[in-house]
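Okay, so here's the structure we're looking at.
The values are calculated or read from the model by the stated rules, or taken from the named source; none is laboratory data. Note that the structure is predicted; figures quoted are calculated from it, not measured. When we count neighbours, we look across all protein chains shown, and the Cβ atoms used for this are built from the backbone with ideal geometry, even at glycine. The accessibility values were calculated without ligands, DNA or RNA, using every heavy atom of the protein model including side chains. Shrake-Rupley method; radii C 1.70, N 1.55, O 1.52, S 1.80 Å.
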Amino acid sequence: MRVVVDTNVFVSAALSAQSLPALAVYLVERRCVLLKSTATEQELLQVVARPRLARLIAPSFLIWLSRLLAKAELVTSTEQVAECRDPKDNKFLELALNGRASIIISGD
């Protein structure tokens, strides 16, 4: 299964290892192909580096995330999407469309 995971799911997983988002991303790691684009990866890395979040995230999670992103399939968008209420979320729809994702996991 080809999967797109929204940044908010990774952040929720980072903040609570026992949460449903944490379970979701660990299942993606074990059973799916995680899709990423340059834009989605940059957003995720910028968000987890924010000072108010960085102090709450375990170093072990960041190491795990780095390994997961290294294994993720990089997708280049050839089709643009402008369908989301929040234009910043269009990059996830573009990734899903261009990467032929089976599912998008998001808290939105």
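Can you pull out the residues in region 60-83 that are over 21 Å from Gln46 (Cα atoms) and open to solvent by less than 40 Å² (accessible area, probe 1.4 Å)? Steps first, please.
Going residue by residue through region 60-83, those that are over 21 Å from Gln46 (Cα atoms) are 78-83.
Passing the criteria: only Val81.
Of the helices (runs of 4 or more DSSP H) lying entirely inside region 1-56, those carrying at least 3 residues that are open to solvent by 70 Å² or more (accessible area, probe 1.4 Å) are 20-31, 38-48.
The rows are residues; the columns are (1) under 15 Å from Arg2 (Cβ atoms); (2) more than 15 Å from the chain's Cα centre (by Cα); (3) at pLDDT below 95; (4) among the acidic types (Asp, Glu).
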| position | (1), (2), (3), (4) |
| --- | --- |
| Ala39 | no, no, no, no |
| Val48 | no, no, no, no |
| Arg67 | no, no, no, no |
| Lys71 | yes, no, no, no |
| Asp108 | no, no, yes, yes |
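Scan region 77-100 for residues that are assigned to a loop (DSSP other than H, G, I, E, B) and not small (Gly, Ala, Ser) and report the count. So that I can check it myself, show each step before the final result.
Step one: filter region 77-100 for residues assigned to a loop (DSSP other than H, G, I, E, B), giving 77-86, 99-100.
Narrowing further to those that are not small (Gly, Ala, Ser): 78-81, 83-86, 100.
Result for region 77-100: 9.
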